[in-house]
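Below is one structure; the comments refer to it alone.
Just so it is clear, none of the values below were taken in a lab; they were calculated from the coordinates. Keep in mind that this is a model prediction, so the values were computed, not measured. All Cβ positions, glycine included, derive from the backbone under ideal geometry; neighbour counts span all protein chains shown.
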Amino acid sequence: MPRMILVTGATGGMGRPLCERLAQSGDGIVLAARGRPALEAQAGELKAAGATGPIHVLPVDMADLQSVADFGKALAGLDVTLDGAVLMPPQMPRTDDPLPDAEVWTRLFQGSFIGPLALLKHAIAAMRPDPGAGRRAKIVIVSGISSAQVLGHYATANVLRTAWLGQAKTLAFALGPSGIHVNTVSFGGTLTAHYAGLVEARAAANGVTPDQQIAAETENVPLRKYCTPQEAALTVDTLLSAFSDHMTGINLLQDGGFTRAY
Ligand SMILES: NC(=O)c1ccc[n+]([C@@H]2O[C@H](COP(=O)([O-])OP(=O)(O)OC[C@H]3O[C@@H](n4cnc5c(N)ncnc54)[C@H](OP(=O)(O)O)[C@@H]3O)[C@@H](O)[C@H]2O)c1
């Protein structure tokens, strides 16, 4: 049965292939990101590619609580019932500073935790699960592998990602009885256009080809590769599906085997 899924970060490297996948399955989508022109262009592309479900465009800046409040009103105004929500908190920048200034923490927590959580609250309000009738709602929070181990060059992400794990687990306990599932998926490096550009820049700086650079960077990854955006989209879609009907509060690692801990 077609679903209605909210995808934040819809125009990004991870969001686009996910939306393409959902649209190909006949699902309806609420596309969310800051840039309205990119969202509208994407909605047009999805329809031109044969999307049969409704495609809604809802711009929002997750770092701005007023923008999130406006988003909440607009979502309620759409009068849709969400079967799923994919939350992609804005990427935390790389830093090896373990003690950033208070204003840095305030900005990061606002943009990558407090604002996205406020948005999630609006998404939950648009879910009408009825587990007795087989109707469940799935929340997937996109995270990164610093949720499972300390990465020296992602000092602030270490903290924010684990905060999301605590939030997801807490919500999983609270919302499970009503049929709302909350899982996180933690990706290692994923070769979106943006990430591929960073790899190319590092390759140029090292005087090697991008393939050589990737081979060097993934020497500590058992599968010797980065994730593709399509693999990431498949995983998120799978967590939205009946596959997770008896799973909540998990943190699924999609890292090519990088994480050593059990
Ligand atoms: N790529 C990776 O290697 C990787 C690995 C692990 C985890 N992740 C996580 O995966 C998620 C998506 O990453 P990505 O690689 O797809 O990033 P991306 O290509 O930079 O896309 C980011 C998306 O989020 C939107 N966005 C950014 N800031 C926003 C804000 N303040 N409010 C609302 N929307 C905002 C962007 O659109 P606008 O600019 O128009 O708002 C865009 O749609 C992030 O949570 C990231 O931390 C990525």
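Here are a few things to note about the model shown:
- Put simply, the amide H of residue 57, placed in the peptide plane, has neighbours under 5 Å in 31, leaving out anything fewer than 5 places away on its chain.
- Residues listed by number, segment 220-250, amide nitrogen under 19 Å from residue 260 label point at 7 Å toward C-beta: 220-225
- C-alpha long axis of helix 155-175 to longest principal axis of the chain, angle in °: 30
- FRET efficiency, 1/(1 + (r/R0)^6) with R0 45 Å, evaluated for residue 194 and residue 242 via beta carbons: 0.90
- At R0 = 41 Å, FRET efficiency that the Cβ-Cβ distance of residue 73 and residue 228 yields, to 0.05: 0.65
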